[in-house]
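**Q** Sharing a structure here in structure tokens format.
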Amino acid sequence: DWLSGALSSSAHPDPSKAERAFTSLSLKERSKIQRETVNRVDGQNRADPRKPEASLEAIGTQTAAVITLLLGFDDATLPKVNDRESMKKALREMAAVAQEPNKLLQAELLWTPEEPWEIVMPSDVPLSYPDLIPFN
């Protein structure tokens, strides 16, 4: 079930400033992840070497998951998000905009945990992601 979410946006008329802002945000969000095991750019694997399982006993343990979707659009207005339904609506609207020719300029998908034995405790999520809005 969706426990929380957030959506933020900024406008940059200058394409080079928009690209720098996207890269900066990407680096900020990636720094919250301890280790990237999946990182593909233009078909090339740029991930950290995979480490052996820390604890096989952790496989199957209940965990929280954090999914971060970064999108760079050309001239798109995004709705406000304040609950689960408005988040789902915003995702549908972004998917529709992404289908328009030349609207989606950049995209990056991040998630944690990546490995089956990694665990994210729900109480730890707000520490790295303080902007998330709890969905009741």
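The values are calculated or read from the model by the stated rules, or taken from the named source; none is laboratory data. What you see is a predicted model; the values in this text were computed from it and never measured. Reconstructed Cβ throughout: ideal geometry from the backbone, glycine too, with neighbour counts over all protein chains shown. Keep in mind that these areas ignore ligands, DNA and RNA; they rest on the heavy atoms of the full protein, side chains included. Shrake-Rupley method; radii C 1.70, N 1.55, O 1.52, S 1.80 Å.
**Q** How far apart, in nanometres, would the label points at SER16 and PHE135 be if each is projected 7 angstrom from Cα along the Cα-to-Cβ direction?
**A** Reported label-point gap for SER16 and PHE135 is 4.0 nm.
**Q** Straight distance only, please: which lysines reach the Cα of LYS28 with their own Cα at less than 20 Å, same-chain residues fewer than 8 apart left out?
**A** Excluding near neighbours in sequence, the set is LYS17.
**Q** Between SER8 and LEU27, what is the spin-label point distance in nm, taking each point 7 Å from the Cα along the Cα→C-beta axis?
**A** Placing both labels 7 Å beyond Cα along the Cβ direction yields 1.6 nm.
**Q** Taking only protein heavy atoms into account and a 1.4 Å probe, give the accessible area per residue of the stretch 81-122 in Å².
**A** 62 Å²
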